[in-house]
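Q: Before anything else, here's the structure in question.
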Amino acid sequence: MPDDQSRQFPADQFPADTAFSSVERRLVAYLVALWRLRVPIRHAKPDAAGNPPRRVSLSDGLIWMPGTFRGVDGHRSGALFRAALVHAGAHLRFTGPRFPAAGLKPLQLALVSLIEDARVEQLAMREHPGLLRVWRPFHVAEPDGAGTAPALMARLARALIDPDYRDDDAWVAKGRRLFFAAESDWHSPALSRRIGGLLGNDLGQMRVQFNSKDHVVEPAYRDDNIGLWDHGEAPPSPPSDAETVFEAFRTEQEERDRGRPDDQVGEGATPARLSATDVPARAVGEEEITAPPVRYPEWDYRVGIDRPDWVVLNERRSEPGDPAAIARIVERHQATADRLTALVRSAKVSRPVRLRRQPEGDRMDLDACIDAMVSHRRGEAPDPRVHEVLVRRNRDLSVLLLLDVSASTGDPVAGGGRSVLSVEREAATLFAQALDGLGDPFAIHAFRSNGRQDVSYYRIKAFRQPYDDAARGRLAGLKAGLSTRLGTALRHAGRLLERQATHRRLLLVVTDGEPSDIDVADRRYLLDDARRAVLGLAARGIDCFVIGLDPQGRDYLTRMFGARNVMVIDRADKLPEVLPTFYLRLST
Amino acid sequence: MALDAHRIPEEPYYRPVAGEVALFEAAYAARMPMMLKGPTGCGKTRFIEHMAWRLGRPLVTVACHEDMTASDLVGRFLLDPGGTVWHDGPLTQAVRHGAICYLDEIVEARQDTTVVIHPLTDARRILPLEKRNELVQAHPDFQLVISYNPGYQSVLKDLKESTKQRFAAIEFGYPNATVEAEIVAHESGVDANVAALLVRIAASSRNLKGHGLQEGVSTRMLIHAGRLAAQGIALETACRIALVLPITDDADVRDAFSAAVSAAIA
């Protein structure tokens, strides 16, 4: 149908050699636009014999999409992915519960499936008549084809969708007549069962060959229809439900770890994966130290003094993870990321400020002119500052995000399998994304401690470094472990932040619990030390804010940071959205 | 009379959707400050024009912007050969002469600007002109109306709580498909079938809201597309230039939306 195809928009052209991943986003948006269907799509894996899947499969609310279609050239394969996805969407929209397969012969199964395909397509075309142009080009069966079962079925499939197709075969004509005579019943799935059953009987009596093992649904965009059937207790054809669930799980993991099977910390890391068996080959104490140890005082409230040089802090470098994991986080939170981009854009540019009563400028300040004339007439010396200028308000602010990566961040967040650390990582990712767009100097650091002789401090992204794959890798490689000696980390972060030559300096802390360490039994000791550190930072012009992930944490956080500087989130999984917007609100 | 230029001589077309005309009339009878909420292009401005016509009041519209100052609203001294003269701003004019003052997209104005409306919107109904040392008592026919689009409400731009709570609100949305098609047909001159088709296309873009689009296609955009189609432009092209291209720069979303447009057109 060259005419039909040329009516599509130029933007519709897909590049040659289209793999599904390259068009996935636009096709997913297409399904949303048509039916508001947001279906998880998985990349189908080769079967047990190693053959790549030839057709789309629907099961358990997932769409399994082959990575490529064999034997389809590049330009067509983009259109084929589109046709396949819309067909799957039509099933999800219009196919009801599964048909019981019991008592049906393979040929009947195939024909009921075929009628069902045609039925959902017709229903879809009632809403979106232009879909005909999406599907019809793939129906290439001709009336003079061989009289085998697959050929007849392909002809029937074409006859049921293509109004211009002529076929004199009695069986095809009968199928077409039955189907279109029942037009008013198209909304009922029982129709497919009835007509498919009849046609299956007829075809069986014609004694044409049908080999259910080799049967492949035609045309190529249609799914394998396995998801249509309920085979009861003993499903004869793979994948069975259990296998599918397993597959889904495995696929998720493989997606996460794409290309790095040994990467232990994917973004969806579960606590089990962060357990003791998963700590890096090098123990924490053996991670590479990147700077000479620094000694810091610590406040002892019992005696009311700063114990000099009491704590030793080592800057370390953790094993880098997979930067692609960070890219996937952004994908997963695309909606939030988009919203942030919009916020960032307005925070960045739309802040023009009118400066009035300037000695020079690009236009007159009307009120100042009038005042000047009034003074003039009164005989006073007028104020010469009668201009105004419009300047963009420069953002002059640097921010350091300090993440708590102590052992407790390995715990799962309430109501979800993800760990606190993975939530922190997601939040840091979106935060970095926003800040990178905004152009404010920013750093992301993390800390944990193992007694006063060993506080570890990680610079994931330092102020001077770009936010690049190396930084993303370090972010992806964060692991949970050890304790939370907050005060020392605050002092060190403050020292680094202090060197920033910006007007305002902001220290944002994300923590999930109160400070603790193995060598401190007194709860109040580290709390008061952290409070002391915050006061010290405030005295040096550094503003500290804390986001607490412990819903019960308001009291101790307030004690350390002051009531105005505390934000407690009752659901930790909201952090990725909250953190960047919180920053934007603070900074504008 | 001072505001004759602001009178609306002919009835602006407005298709009531859900009793908002009666609600507004009741609010006007009480001279209650009103807030019209809703996404862009759903008919807020047309509604207020229609109501001003219906109530026979002049309508003073101010498009708010970030650089707007209180004196842009209230007025300022200007010079003439004899000395300074006071010049009423649009708000003061409306207050003195009994118009409906419509502050369009009020969140665009800075929050310190919008507080000048506070004394007008409570029981006092006065407007203090401090530079002139005058207290203007609002004309009995004066009413203040603001529009407010919660869609792009952000942490950066929002109304102060103290401003918000002075208003009663009418919420606008895109009308249901039948009514919207009727509006599109009336305003653009396309026939009912094309209008219905345009509304179906709009539905697919509204499905994409939050999945790549900030906001779906508005009724106003549909009317634009319809007007082009009424002049003989092919419908698919009209949709492309009036709907698809303006609404997003994201190539993937644009592709999805164009494909949905194709799918809707037989």
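Q: Taking the condition of being out of contact with any helix residue (DSSP H, G or I) (no Cβ under 6 Å at 6 or more places or on another chain), modelled with pLDDT under 80, assigned to a helix (DSSP H, G or I) and open to solvent by less than 50 Å² (accessible area, probe 1.4 Å), how many residues in the stretch A:339-371 meet it?
A: Matching residues across the stretch A:339-371 total 2.
Q: Taking helices (runs of 4 or more DSSP H) that fall entirely within the stretch B:31-127, which contain at least 2 residues that are open to solvent by 60 Å² or more (accessible area, probe 1.4 Å), among the charged types (D, E, K, R) and more than 14 Å from chain A (Cβ to nearest Cβ)?
A: B:44-55
Q: May I pose another question? Can you tell which of B:A234, B:A256 is farther than 23 Å from B:N149 by Cβ and open to solvent by 30 Å² or more (accessible area, probe 1.4 Å)?
A: B:A234
Q: Right, another one. Can you find a residue that is part of a loop (DSSP other than H, G, I, E, B), open to solvent by less than 80 Å² (accessible area, probe 1.4 Å), at pLDDT 85 or above and away from every other protein chain (no Cβ under 14 Å) anywhere in the stretch A:306-316?
A: no
Q: For the stretch A:107-156, how many residues are part of a helix (DSSP H, G or I) and more than 14 Å from chain B (Cβ to nearest Cβ)?
A: Of the residues in that region, 23 qualify.
Q: I'd like the residue in the stretch A:157-168 that is in a loop (DSSP other than H, G, I, E, B) and out of contact with any Lys or Arg (no Cβ under 6 Å at 6 or more places or on another chain) and, out of all such residues, is farthest from A:P219 (Cα to Cα).
A: A:D168
Q: Can you name the condition, by its number, that B:I170 falls short on among (1) crowded, with 23+ Cβ neighbours inside 10 Å; (2) closer than 30 Å to B:V107 by Cβ; (3) among the β-branched types (V, I, T)?
A: Status for B:I170: all satisfied but (1).
Q: Could you list, in sequence order, all residues of the stretch A:449-460 that are closer than 13 Å to A:T488 by Cα and open to solvent by 10 Å² or more (accessible area, probe 1.4 Å)?
A: Answer for the stretch A:449-460, where residues must be closer than 13 Å to A:T488 by Cα and open to solvent by 10 Å² or more (accessible area, probe 1.4 Å): A:N450, A:R452, A:Q453, A:D454.
Q: Pull up the stretch A:317-335, narrow it to residues that are buried (at least 19 other Cβ atoms within 10 Å of the Cβ) and of a type in the set (V, I, T), then point me to the one that is farthest from the other protein chains (Cβ to nearest Cβ).
A: Of everything passing the filter in the stretch A:317-335, A:I326 is farthest from the other protein chains (Cβ to nearest Cβ).
Q: While we're looking at this one, here's another question. Are there any pairs, at least 6 apart or on different chains, whose C-beta atoms fall under 8 Å, with the first in the stretch A:162-191 and touching a residue at least 60 places away in the same chain (Cβ under 8 Å) and the second outside any helix (DSSP H, G or I) and surrounded by 14 or more Cβ atoms within 10 Å (Cβ to Cβ), and if so, which?
A: A:P189/A:T95; A:P189/A:F99; A:L191/A:A182
Q: Right, something else. Check B:A195 against each of (1) in contact with a Ser or Thr (Cβ under 8 Å, 6 or more places away or on another chain); (2) within 27 Å of B:V253 (Cβ to Cβ); (3) within 14 Å of another protein chain (Cβ to nearest Cβ) and name the one condition it does not meet.
A: So the condition that B:A195 fails would be (3).
Q: Going by the structure shown, is A:I518 β-branched (V, I, T) and modelled with pLDDT of 85 or more?
A: Yes.
Q: Moving on to the next point. If I filter the stretch A:461-470 for residues that are in a helix (DSSP H, G or I) and open to solvent by 20 Å² or more (accessible area, probe 1.4 Å), do I get at least one hit?
A: Checking the stretch A:461-470: at least one residue is in a helix (DSSP H, G or I) and open to solvent by 20 Å² or more (accessible area, probe 1.4 Å).
So that you can scan it fast, the table gives a plain yes or no per residue for (1) at pLDDT 85 or above; (2) assigned by TED's automatic domain parsing to the domain that holds A:G78; (3) at positive phi; (4) surrounded by 13 or more Cβ atoms within 10 Å (Cβ to Cβ):
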| residue | (1), (2), (3), (4) |
| --- | --- |
| A:D169 | yes, yes, no, yes |
| A:A182 | yes, yes, no, yes |
| A:A190 | yes, yes, no, no |
| A:R207 | no, yes, yes, no |
| A:D223 | yes, yes, no, yes |
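Q: Further question: Please tell me if B:V62 is farther than 22 Å from B:P119 by Cβ and touching a Pro at 6+ places or on another chain (Cβ under 8 Å).
A: no
Q: Given the conditions (1) at pLDDT 80 or above; (2) open to solvent by 80 Å² or more (accessible area, probe 1.4 Å); (3) not in a helix (DSSP H, G or I), report the number of the one that A:H376 does not fulfil.
A: (3)
Q: Could you grab me the full set of residues in the stretch A:168-207 that are over 22 Å from A:V134 (Cα atoms) and of a type in the set (D, E, K, R)?
A: If the condition is that a residue be over 22 Å from A:V134 (Cα atoms) and of a type in the set (D, E, K, R), then A:D168, A:D169, A:K174, A:R177, A:D185, A:R193, A:R194, A:D202, A:R207 are the ones that fit.
Q: Do we find a residue being more than 13 Å from chain A (Cβ to nearest Cβ), among the polar types (S, T, N, Q) and out of contact with any Leu (no Cβ under 6 Å at 6 or more places or on another chain) anywhere in the stretch B:223-238?
A: yes
Q: If you don't mind, there's one more thing I want to ask. Working only within the stretch A:532-588, note down all residues that are basic (K, R) and surrounded by fewer than 19 Cβ atoms within 10 Å (Cβ to Cβ).
A: Residues satisfying the conditions are A:R540, A:R554, A:R559, A:R564, A:R571, A:K574, A:R585.
The values are calculated or read from the model by the stated rules, or taken from the named source; none is laboratory data. All figures in this text were calculated on a predicted structure; none of them were measured in a lab. For neighbour counting, all protein chains shown are included, and Cβ atoms are generated from backbone atoms with ideal geometry for every residue, glycine included. Protein only, heavy atoms only, side chains kept; ligands, DNA and RNA dropped before computing areas. Shrake-Rupley method; radii C 1.70, N 1.55, O 1.52, S 1.80 Å.
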